[in-house]
Amino acid sequence: MGHYTEEYNKKLTTPQKAVECIKKGDVIVYGMSVAQPPALLAAIADRARQGNLENIKVYNFLPLEHAMKTVLDPALADRIEGNSWFVGGQERGLIRTGLNYFVPSYLHQVPRMCREFMDIDVCVTTVSPMDRYGFFTFGTANDLTSTAARQSKTLIVEVNENMPRVFGDSLLHISEVDAIVENHVPILELKIPATRPEDEVIGNYIADMIPDGATLQLGIGGLPNVVACSLSGHKDMGVHSELLTEGMIDLIKKGVITGRKKNLNPMKHVFTTASGTKAMYEFMNDNPSIESYPASYVCAPGIIAQNDNMIAVNSIIEVDLTGQVNAEFLGGTTFSGTGGQLDFVRGAFDSKGGKSIHAFYSTAKRGEVSRVVPRMKEGAVVTTPRADTHYLATEYGVVNLKGKSTRERAHAIIGIAHPKFREWLAREAENMYLI
């Protein structure tokens, strides 16, 4: 331990000194979601505000409040160009006004982009404290962060005792690190959205489709978490998921999720990024049953398909009458991102006994707008092509689109729309020669 402590102390510095290496024109990748390093991002922003940095490009996946207050501050847009592989709620205004840019991508391919299509000068991310063998871990953010860290010319880590120590392919040795800062602030918590009356109905529909022993992927948003709440009576479930969620942790604690039936990584709960509450992070910490791997592994369709009975549940914005799904475009602008949704749609369907389920409320804006639409609006993005869409679930039922003609699809999709919109949808389907 003595040797590693000595090396640690040599590399330990202040955030201000750590970012002195950044120069004009550099490309920076920073830790995903709750692993964004607040002290380092603030130091980078301060240099830019002082006029010491310009023509900088920063890249992230789901930036949150620490980034919004620092490197994505609109006042710095002329010096720091923000780019995101996935758009979060706080960033949508910047995207809409051209102060930040979206990079279309499938999550499993982003690590490859970091390796082959980018020249990364600096990577900054939050890590868990070093152990006696000289290893930090990437904690909640393996995803693209672990690859970017090793592809960058300079790696600066922000050590935070509140970042969980995570097993799997999450280790980072001190010899790989160029500079270290310490900042023991609370890790950002993402609260579970408030429940809606439709949640229990949709959750029960989907739970009835999931067999004991299945392996789960639950996407971002309230509905996938509702599905977890509906699985309390199941047995020997597994996790192989882009996102590790609060609902999954609850099922692990209850003994519902054991991982015993998994083909890959049996008895291990596999994820690539995690976000939740402080209690969730504490449960993850030093827990050998929870393992993280890069998105190039976790989200690769061919890997996903190797788990039998793979069940993928994802939220969407809207679906048209042919089965095209939009999960990332709303109000004429980018609302979210593809992320790992299509990766898991394809991987789950190719799994033996697997199912891909898109879950959504039938209406939006307090019932004024139908989420089932005749056709996608001009400029809208198709996240899941119609040939890939498997199951659709609303509070009015579940339909399987695989093998159905365009006529059969239109009838089935109209059947799970809100009743007050069905007559209109049927007329539109006739006008489109679908029925």
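Selection of the stretch 81-104 for residues being small (Gly, Ala, Ser) and either over 16 Å from residue 58 (Cα atoms) or in the same structural domain as residue 293 (by TED's automatic domain parsing) (or both) yields 89, 93.
Yes or no, residue by residue, for (1) at pLDDT below 95; (2) crowded, with 17+ Cβ neighbours inside 10 Å; (3) under 17 Å from the mean Cα position of the chain (by Cα):
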| residue | (1), (2), (3) |
| --- | --- |
| 81 | no, yes, no |
| 88 | yes, yes, yes |
| 100 | yes, yes, no |
| 115 | no, no, no |
| 130 | no, yes, no |
| 138 | no, yes, yes |
| 143 | no, yes, yes |
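Is there a residue in the stretch 154-161 that is part of a loop (DSSP other than H, G, I, E, B), acidic (Asp, Glu) and closer than 28 Å to residue 347 by Cα? No, every residue in the stretch 154-161 fails to be part of a loop (DSSP other than H, G, I, E, B), acidic (Asp, Glu) and closer than 28 Å to residue 347 by Cα. Does the stretch 146-185 hold any residues that are within 14 Å of residue 29 (Cβ to Cβ) and β-branched (Val, Ile, Thr), and which are they? Listed by number, the residues that qualify are 147, 154, 156, 157.
Whether any residue in the stretch 223-236 is in contact with a Phe, Trp or Tyr (Cβ under 6 Å, 6 or more places away or on another chain) and either surrounded by 18 or more Cβ atoms within 10 Å (Cβ to Cβ) or free of Cβ contacts under 8 Å to residues at least 60 places away in the same chain (or both) is what I want to check.
No, because not a single residue in the stretch 223-236 is in contact with a Phe, Trp or Tyr (Cβ under 6 Å, 6 or more places away or on another chain) and either surrounded by 18 or more Cβ atoms within 10 Å (Cβ to Cβ) or free of Cβ contacts under 8 Å to residues at least 60 places away in the same chain (or both).
Screening the stretch 90-149 for strands (runs of 3 or more DSSP E) wholly inside it with 3 or more residues that are within 24 Å of residue 174 (Cα to Cα) returns the ranges 122-127, 135-137. Pairing residues of the stretch 374-387 that are free of Cβ contacts under 8 Å to residues at least 60 places away in the same chain with residues that are assigned to a loop (DSSP other than H, G, I, E, B) and of a type in the set (D, E, K, R), at Cβ distances under 8 Å and at least 6 apart in sequence or on separate chains, gives 381/328.
Okay, residues lined up against (1) surrounded by 13 or more Cβ atoms within 10 Å (Cβ to Cβ); (2) without any contact (Cβ under 8 Å) to a residue 40 or more places away in the chain:
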site: 7; (1), (2): yes, no
site: 30; (1), (2): yes, no
site: 34; (1), (2): yes, no
site: 41; (1), (2): yes, no
site: 44; (1), (2): yes, no
site: 51; (1), (2): no, yes
site: 56; (1), (2): yes, yes
site: 59; (1), (2): yes, no
site: 77; (1), (2): yes, yes
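Evaluating residue 255 against the criteria (1) small (Gly, Ala, Ser); (2) crowded, with 21+ Cβ neighbours inside 10 Å; (3) free of Cβ contacts under 8 Å to residues at least 12 places away in the same chain leaves one unmet condition, (2). For residue 434, the criteria (1) within 16 Å of residue 318 (Cβ to Cβ); (2) touching a residue at least 40 places away in the same chain (Cβ under 8 Å); (3) assigned to a loop (DSSP other than H, G, I, E, B) hold in every case but one, which is (1). For the stretch 376-426, filtered to residues that are hydroxyl-bearing (Ser, Thr, Tyr) and under 16 Å from residue 357 (Cβ atoms), the residue that is surrounded by the most Cβ atoms within 10 Å (Cβ to Cβ) is 389. Taking the condition of being of a type in the set (Val, Ile, Thr) and either surrounded by fewer than 24 Cβ atoms within 10 Å (Cβ to Cβ) or farther than 17 Å from residue 101 by Cβ (or both), how many residues in the stretch 61-75 meet it? Number of matching residues: 1.
Checking every residue in the stretch 65-72 against the condition of being more than 20 Å from the chain's Cα centre (by Cα) and within 19 Å of residue 144 (Cβ to Cβ) gives at least one match. Evaluated against (1) surrounded by 17 or more Cβ atoms within 10 Å (Cβ to Cβ); (2) touching a residue at least 60 places away in the same chain (Cβ under 8 Å); (3) within 21 Å of residue 22 (Cβ to Cβ), residue 119 falls short on exactly one condition, (1).
The values are calculated or read from the model by the stated rules, or taken from the named source; none is laboratory data. Computed from a prediction, not measured in an experiment: that's the story for all the values here. Cβ: placed from backbone, ideal geometry, glycine included. Neighbour counts: every protein chain shown.
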